[in-house]
Amino acid sequence: MPLNVIVIGAGIAGLTAATSLCKSGHSVQIFEKSSFKTEVGAALNLMPNGAIVLAKLGFDFKRALVGRHQRLETVNGVNLEPLTHINLTNVEKDYGGHMQSVLRADLHSELLLLSQRAPNPAALHLGSPVKRVDSTEGKVELQSGEVHTADLIIAADGSHSVCRSEVLGYDQPPTESGNNAFRFLIRTEMIEDLDEIKKLIPGRVPGATIFADVNDKLKTRHLAWYDCHGGALQNFVGIYPAVQHVEDMDHKTMLLEQFQHFHPRIVNLLKLADDVRVWPLRFDEPLERYTRGRLVLIGDAAHTMLPFSGQGANQGIEGAGILGEMFQDVDAVDVPERVKEFEEMRKKRITTIKLLSRIRFGRENDAAYSNIKHDEIDPKDIPRSFHERLLFEWRHNIFDEFRERQKATSLGNRHAVQSV
Ligand SMILES: Cc1cc2nc3c(=O)[nH]c(=O)nc-3n(C[C@H](O)[C@H](O)[C@H](O)COP(=O)(O)OP(=O)(O)OC[C@H]3O[C@@H](n4cnc5c(N)ncnc54)[C@H](O)[C@@H]3O)c2cc1C
């Protein structure tokens, strides 16, 4: 029997969950707070572990103008001296896929299309903020006072989730990291004739460049740059220590102030930005639990993390994408049992990735990280080098993991039956 499912939030995680559950024949309703005019936040990196899930759900990478990085570079932002270079052209054989970029709006539109696909589209209710949920009864109460009932509730309502405290039994909001991110896009045509600026792209090959501030004592300030939207847009993330700015200072002036000591070519590039936004960077400590009763937290509602691994959305996609297979052929009465299995499968990976997300690529040996201890994680399972990190983060196929677990469980059950 198909389950009645409610998904809360129609961001990347919520739409992926809806698509995956609709594909398995369930009846899905999505309640989304906003009226959905634009998906903001520029672009993001799509890693192999997320891309494999999207591919399985029928995501059209071409239509979503997903681009492939061929290099990952670190450059001294002040004097433009090259620091590290990683060739990403052949990473597929080691890490199961490529590092790619996608404009959030493109990703979101494509996921929306998928979630609305015949013969079993999800019902999308916009302008419908959820007020609270009851994980035991499967009840979802909207701000309007309407109450809906479901066999399974997927909370994908982002880092300020109203469902998190229902799962935990107490409040655990994300922690401020003390850093902010500027995010903005520049149209490629604006730099096409600017030879000085184009010299900043090493070898003129598509990929990601990180301009680091090596003299910054806290080692936080840097500017990450890669293209997206089929190369038509250049995406930037500028991370800097959150400081008190002069009141009323506009974001572009703040950006130029924070990166004023960078090389003049970079400063000239930043001057081309027009719509600069500021995001406070927050992260979660690992949660005690991610599910309760009929309720499952996914996406940033489950794991708000720093962007240093580029795994926030990818983890959301991973956790959301497996839901269809996990809840296939499950009777309504057995949902809480299957929800527990979801938690057992995801918890250790989410915890490890949350810890890793605070560490920049290549800094896996930093003392702050290598001394990390966590009750749930065997120290030998924590990646200790860049290579181990990519094996762990990227080369992970959630569908294979689920099937392996199923095989192990059914073997276990058979042994139990034989020994009775
Ligand atoms: C600077 C920066 C760079 C990043 N780069 C990357 C990257 O390269 N790769 C990567 O994988 N990730 C990256 N991330 C993280 C990524 O953006 C997030 O992890 C991802 O967008 C979270 O998606 P989500 O669907 O879980 O949550 P959200 O996008 O927050 O969506 C939540 C949805 O729920 C709705 N909602 C909220 N409350 C309610 C309610 N009460 N009722 C109904 N609806 C509700 C919201 O309106 C929204 O539509 C980056 C983040 C930052 C800040």
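The values are calculated or read from the model by the stated rules, or taken from the named source; none is laboratory data. From a predicted model like this one, the values you see are computed outputs, not experimental measurements. Cβ placement follows ideal geometry from the backbone for every residue including glycine, while neighbour counts extend to all protein chains displayed.
Among the listed residues ILE210, ILE201, which satisfies the condition of being under 28 Å from VAL66 (Cβ atoms), at pLDDT below 85 and in contact with a strand residue (DSSP E or B) (Cβ under 9 Å, 6 or more places away or on another chain)? First the steps, then the outcome.
Working: ILE210 fails: at pLDDT below 85.
Of ILE210, ILE201, the one residue that is under 28 Å from VAL66 (Cβ atoms), at pLDDT below 85 and in contact with a strand residue (DSSP E or B) (Cβ under 9 Å, 6 or more places away or on another chain) is ILE201.
At negative phi, surrounded by fewer than 18 Cβ atoms within 10 Å (Cβ to Cβ), modelled with pLDDT of 95 or more and within 25 Å of the chain's Cα centre (by Cα), is that true of SER165?
Yes.
When the residues of segment 28-60 are filtered to those that are free of Cβ contacts under 8 Å to residues at least 60 places away in the same chain and more than 18 Å from the chain's Cα centre (by Cα), the one that is farthest from GLU141 (Cα to Cα) is ASP60.
With respect to (1) under 21 Å from PHE308 (Cα atoms); (2) outside any loop (DSSP other than H, G, I, E, B); (3) in the same structural domain as GLY127 (by TED's automatic domain parsing), the lone exception for VAL167 is condition (1).
Of all the numbered requirements in (1) modelled with pLDDT under 95; (2) touching a strand residue (DSSP E or B) at 6+ places or on another chain (Cβ under 9 Å); (3) surrounded by 14 or more Cβ atoms within 10 Å (Cβ to Cβ), TYR226 misses one, and that requirement is (1).
Matching residues to (1) of a type outside the set (A, V, I, L, M, F, W, C); (2) touching a helix residue (DSSP H, G or I) at 6+ places or on another chain (Cβ under 9 Å):
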{"residue": "ASN87", "(1), (2)": "yes, no"}
{"residue": "GLU92", "(1), (2)": "yes, yes"}
{"residue": "ALA105", "(1), (2)": "no, yes"}
{"residue": "LEU111", "(1), (2)": "no, yes"}
{"residue": "ASN120", "(1), (2)": "yes, yes"}
{"residue": "SER135", "(1), (2)": "yes, yes"}
{"residue": "SER159", "(1), (2)": "yes, yes"}
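Considering segment 239-251 alone, what residues qualify as being at pLDDT 80 or above and either assigned by TED's automatic domain parsing to the domain that holds MET47 or in contact with a helix residue (DSSP H, G or I) (Cβ under 6 Å, 6 or more places away or on another chain) (or both)? Across segment 239-251, the qualifying residue is only TYR240. Of all residues in segment 39-70, those that are within 16 Å of the ligand (Cβ to nearest atom) and either of a type in the set (S, T, N, Q) or modelled with pLDDT under 95 (or both) total 6.
Here segment 345-400 is the region considered, the condition is being of a type in the set (Ser, Thr, Tyr) and surrounded by fewer than 16 Cβ atoms within 10 Å (Cβ to Cβ), and the residue that is modelled with the highest pLDDT is SER385. Counting only helices (runs of 4 or more DSSP H) that fall entirely inside segment 257-332 and contain at least 3 residues that are of a type in the set (A, V, I, L, M, F, W, C), in contact (Cβ under 8 Å) with a residue 12 or more places away in the chain and near the ligand (Cβ under 10 Å from one of its atoms), the qualifying elements are 312-321. THR409 fulfils the conditions (1) within 30 Å of SER101 (Cβ to Cβ); (2) among the β-branched types (Val, Ile, Thr); (3) touching a helix residue (DSSP H, G or I) at 6+ places or on another chain (Cβ under 9 Å); (4) at pLDDT below 95 except for a single criterion, (1).
Any residue at all in segment 236-251 that's under 20 Å from the mean Cα position of the chain (by Cα), among the β-branched types (Val, Ile, Thr) and part of a strand (DSSP E or B)? Looking through segment 236-251, at least one residue is under 20 Å from the mean Cα position of the chain (by Cα), among the β-branched types (Val, Ile, Thr) and part of a strand (DSSP E or B).
How about segment 172-189: which of its residues are charged (D, E, K, R) and over 14 Å from GLN234 (Cα atoms)? So that I can check it myself, show each step before the final result.
Filtering segment 172-189 down to residues charged (D, E, K, R) leaves 176, 183, 187, 189.
Residue satisfying the conditions is GLU176 alone.
Looking across segment 66-79, the residues that are surrounded by fewer than 19 Cβ atoms within 10 Å (Cβ to Cβ) and out of contact with any Leu (no Cβ under 7 Å at 6 or more places or on another chain) come down to ARG68, VAL78, ASN79.
For segment 189-203, indicate whether the set of residues that are within 15 Å of THR304 (Cα to Cα) and more than 13 Å from the ligand (Cβ to nearest atom) is non-empty.
So the first thing to find is which residues in segment 189-203 are within 15 Å of THR304 (Cα to Cα), and the list is none.
No, segment 189-203 has no match at all.
Which residues, taken from segment 1-37, are polar (S, T, N, Q), surrounded by fewer than 21 Cβ atoms within 10 Å (Cβ to Cβ) and either under 14 Å from ALA150 (Cα atoms) or more than 10 Å from the ligand (Cβ to nearest atom) (or both)? Once the filter is applied, which keeps residues that are polar (S, T, N, Q), surrounded by fewer than 21 Cβ atoms within 10 Å (Cβ to Cβ) and either under 14 Å from ALA150 (Cα atoms) or more than 10 Å from the ligand (Cβ to nearest atom) (or both), segment 1-37 yields ASN4, SER24, SER27, GLN29.
Out of the residues in segment 61-110 meeting the condition of being of a type in the set (D, E, K, R) and in contact (Cβ under 8 Å) with a residue 60 or more places away in the chain, tell me which one is nearest to LEU223 (Cα to Cα). Filtering segment 61-110 for residues that are of a type in the set (D, E, K, R) and in contact (Cβ under 8 Å) with a residue 60 or more places away in the chain, the one nearest to LEU223 (Cα to Cα) comes out as GLU73.
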